[in-house]
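What follows is one structure encoded as C-alpha cells, with my remarks underneath.
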Amino acid sequence: MNVLKGSCLCSEVTFSVEERFKAFYLCHCAQCQKLTGSGFASNILTTPDNINWLTGAEHITNYEHPSRAFSKAFCKLCGSGVPFINKSKTTLFIPAGSLTEKPSIVPTAKIFKAESPEWLKQGLNAKSYDGFPD
Ligand SMILES: [Zn+2]
Ligand SMILES: [Zn+2]
C-alpha cells in the first residue's frame, strides 16, 4: 500500500495516510466557502482508521458546526486545515492541499455546485501567471 505524507503550513503537524481513498470532492457549499476563505474545499475521503499522526497532534483543534454535520480540524499555530473525522465517525476527510505528496486519485465530483460563487466561474477565465503579475 502506497503511503502519502502530509503536513500543515508551519510543519508542526505531520501525518501519513495510506493511499486507499473512496472519493475526492470539490465542495462548493456556502459553509466550505466560509471555512476555507475561498471558492471551494478540496477533500479526499477515506476510512476513519486511515491516519497516522507523526508529530504535533497536540496542536490540532476542532470546530464543530452547531446544527449541520460539519466540522473542521486545524493547526492552532498556523490555521491550516488537517485531516478530520466527521461527526458520524464514518469518514476521514483529508484536505487535499495538506498532502505533501501527490495523490493518484483525481477529483471525482464537484458537489453543491449550485452554491458556487459567481467570481469563481469568472476567475477561470482570468489571465494566468507563473508568479505575481508583471
Ligand atoms: Zn501548523
Ligand atoms: Zn462544503
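Criterion applied to 6, 79 was being within 12 Å of ligand 1 (Cβ to nearest atom), at pLDDT 95 or above, open to solvent by less than 30 Å² (accessible area, probe 1.4 Å) and more than 25 Å from residue 113 (Cβ to Cβ), and the one residue passing it is 6. Tallying residues that are hydroxyl-bearing (Ser, Thr, Tyr) and modelled with pLDDT of 95 or more within region 37-76 yields 6. Within region 1-55, the residues that satisfy the criterion of being under 17 Å from residue 106 (Cβ atoms) and away from ligand 2 (no atom under 16 Å from the Cβ) are 2, 4, 17, 19, 20, 21, 22, 46. Please tell me if residue 55 is open to solvent by 50 Å² or more (accessible area, probe 1.4 Å), polar (S, T, N, Q) and closer than 30 Å to residue 124 by Cβ. Considered against the rule, which asks whether it is open to solvent by 50 Å² or more (accessible area, probe 1.4 Å), polar (S, T, N, Q) and closer than 30 Å to residue 124 by Cβ, residue 55 comes out as no.
Mind checking whether some residue in region 23-46 is in a strand (DSSP E or B), within 16 Å of ligand 1 (Cβ to nearest atom) and among the hydrophobic types (A, V, I, L, M, F, W, C)? No, region 23-46 contains no residue that is in a strand (DSSP E or B), within 16 Å of ligand 1 (Cβ to nearest atom) and among the hydrophobic types (A, V, I, L, M, F, W, C).
The values are calculated or read from the model by the stated rules, or taken from the named source; none is laboratory data. For clarity, every value in this text was computed on a predicted model and none was experimentally measured. Note that each Cβ is placed from the backbone with ideal geometry, even for glycine, and that neighbours are counted across all protein chains shown. Heavy atoms of the whole protein, side chains included, go into the accessibility calculation; ligands, DNA and RNA do not. Shrake-Rupley method; radii C 1.70, N 1.55, O 1.52, S 1.80 Å.
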